[in-house]
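Novice: Can you keep this structure in mind? I'll have questions shortly.
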Amino acid sequence: MYTTYWKLSARPFDNSYDPQFYYPGETHQVTLLKLRYALDHPRGAALLAGAAGLGKSRLVAALLDDLPESFGPRVMVKFPQMPPPQLLAFIAEELAGKNMEGATVDRSVQAIQRALHRNVQEGRHAVLVIDEAHLLRDTEAMETLRLLMNFEPAWTPLLVAQPLLLPALERMPELEERIGVQCLLQPFSVEESISYVSHRMVAAGAADVHAVFDPAALEAIHRWSGGIPRRINRLGDLALLIGFAEEQRRVTAEHVAAVADELLTGHTGRRLAA
């Protein structure tokens with residue numbers, strides 16, 4: 001709607017993953033390096049933890065995109081909150097390419113073991129990504145996670161979770177000690193937030209971020225978002241819409257504040273809800 005007005009070729013703050021909009025911030029790049037190390041030199045599982053909206057899923061997508069063909073199959077468990085037999089059957093089916101509906105735990109474990117054995121013989125290394133792993137905390141599925149670690153080094157399990165998982169791991173040292181690399185994503189600093197907005201605007205066709213956002217608006221985006229990329233996207237998108245609707249020359253701090261005010265769940269002055 002507003003792209004033509006701001007002379008953009010695309011909407012800069014869409015939440016869908018597009019490699020050209022990936023912002024290589026310092027924290028994210030260090031995390032990518034550690035996760036790649038965990039895959040190149042298997043030392044158990046890897047853990048990527050961070051609050052909602054920090055870009056964990058995008059980071060994993062960037063990691064997988066950069067892997068050579070020898071890393072596979074790549075099993076993605078996006079909704080892990082299922083009974084252990086169903087979880088194991090799903091992983092076995094994705095790994096082996098066979099219908100495992102209704103399979104017992106023993107049958108699924110055997111299928112996983114055989115598939116991984118063949119994979120290793122072919123010179124490949126499997127990757128198991130369990131997204132939203134914090135949903136498994138304090139459930140019997142935590143023991144299933146520990147069981148899956150027993151197939152190392154034939155694959156590398158990567159747990160992607162909110163920090164809620166960390167206390168649960170502390171209560172299961174037999175599982176925590178199997179995690180060789182742990183990464184904790186942090187929100188952007190003010191400089192990173194501004195650089196993030198600038199990167200996405202240029203990727204969307206803007207000649208320069210300051211042609212659209214004035215400096216105070218960029219600082220306001222960081223202040224109201226707390227440096228969390230998903231919140232930055234929401235603020236930036238709606239601020240561009242308001243600026244377009246009012247036919248403004250640039251987006252101002254007042255536009256950002258108005259958007260933030262609308263998105264607040266409580267009284268003015270509170271930050272955006274996650």
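Novice: List the number of the failed condition for residue 25; all other conditions in (1) at pLDDT below 95; (2) closer than 21 Å to residue 168 by Cα; (3) open to solvent by less than 20 Å² (accessible area, probe 1.4 Å) hold.
Specialist: (2)
Novice: Mind telling me which of the residues 34, 98 ends up being in a helix (DSSP H, G or I) and either surrounded by fewer than 18 Cβ atoms within 10 Å (Cβ to Cβ) or of a type in the set (Val, Ile, Thr) (or both)? Don't jump to the end; show me each part of the working.
Specialist: Working: 98 fails: in a helix (DSSP H, G or I).
On inspection, the qualifying residue turns out to be 34.
Novice: Please go through region 200-216 and pick out each residue that is under 9 Å from residue 12 (Cα atoms) and in contact (Cβ under 8 Å) with a residue 12 or more places away in the chain.
Specialist: Step one: list which residues in region 200-216 are under 9 Å from residue 12 (Cα atoms), which gives 200-205.
Selection gives 200, 201, 203, 204, 205.
Novice: Considering every residue within region 50-69, establish whether at least one is within 19 Å of residue 13 (Cα to Cα), open to solvent by 40 Å² or more (accessible area, probe 1.4 Å) and in a helix (DSSP H, G or I).
Specialist: Scanning region 50-69, I find at least one residue that is within 19 Å of residue 13 (Cα to Cα), open to solvent by 40 Å² or more (accessible area, probe 1.4 Å) and in a helix (DSSP H, G or I), so the answer is yes.
Novice: Now for a different question. When residues of region 149-181 are filtered for being at pLDDT 95 or above and polar (S, T, N, Q), how many remain?
Specialist: Going through region 149-181 one residue at a time, the tally reaches 2.
Novice: Considering each of 111, 126 in turn, give the residue that is open to solvent by less than 60 Å² (accessible area, probe 1.4 Å) and under 24 Å from residue 65 (Cα atoms).
Specialist: On the way: 111 fails: under 24 Å from residue 65 (Cα atoms).
Checking each option against the conditions leaves just 126.
Novice: Any idea how many residues of region 144-192 are open to solvent by 50 Å² or more (accessible area, probe 1.4 Å) and either at positive phi or charged (D, E, K, R) (or both)?
Specialist: So the answer is 8.
Novice: Looking for something free of Cβ contacts under 8 Å to residues at least 40 places away in the same chain, over 27 Å from residue 151 (Cβ atoms) and of a type in the set (Ser, Thr, Tyr) - is there at least one such residue anywhere in region 9-21?
Specialist: Taking every residue of region 9-21 in turn, at least one turns out to be free of Cβ contacts under 8 Å to residues at least 40 places away in the same chain, over 27 Å from residue 151 (Cβ atoms) and of a type in the set (Ser, Thr, Tyr).
Novice: So which of 214, 237, 208 ends up being among the acidic types (Asp, Glu), over 21 Å from the mean Cα position of the chain (by Cα) and open to solvent by less than 50 Å² (accessible area, probe 1.4 Å)? Let's see the steps before the verdict.
Specialist: On the way: 237 fails: over 21 Å from the mean Cα position of the chain (by Cα); 208 fails: open to solvent by less than 50 Å² (accessible area, probe 1.4 Å).
Of the residues listed, the single one that is among the acidic types (Asp, Glu), over 21 Å from the mean Cα position of the chain (by Cα) and open to solvent by less than 50 Å² (accessible area, probe 1.4 Å) is 214.
Novice: Turning to a different aspect of this structure: In the list 33, 87, which residue meets the criterion of being touching a helix residue (DSSP H, G or I) at 6+ places or on another chain (Cβ under 7 Å) and either modelled with pLDDT under 95 or of a type outside the set (Ser, Thr, Tyr) (or both)?
Specialist: Values: 33 fails: touching a helix residue (DSSP H, G or I) at 6+ places or on another chain (Cβ under 7 Å).
When all the criteria are applied, what remains is 87.
The values are calculated or read from the model by the stated rules, or taken from the named source; none is laboratory data. The structure displayed is predicted, hence computed values, not measured ones. Cβ coordinates were reconstructed from backbone atoms using ideal geometry, including for glycine residues, and neighbour counts include every protein chain displayed. To get the accessible areas, we keep the full protein, side chains included, count just its heavy atoms, and leave off ligands, DNA and RNA. Shrake-Rupley method; radii C 1.70, N 1.55, O 1.52, S 1.80 Å.
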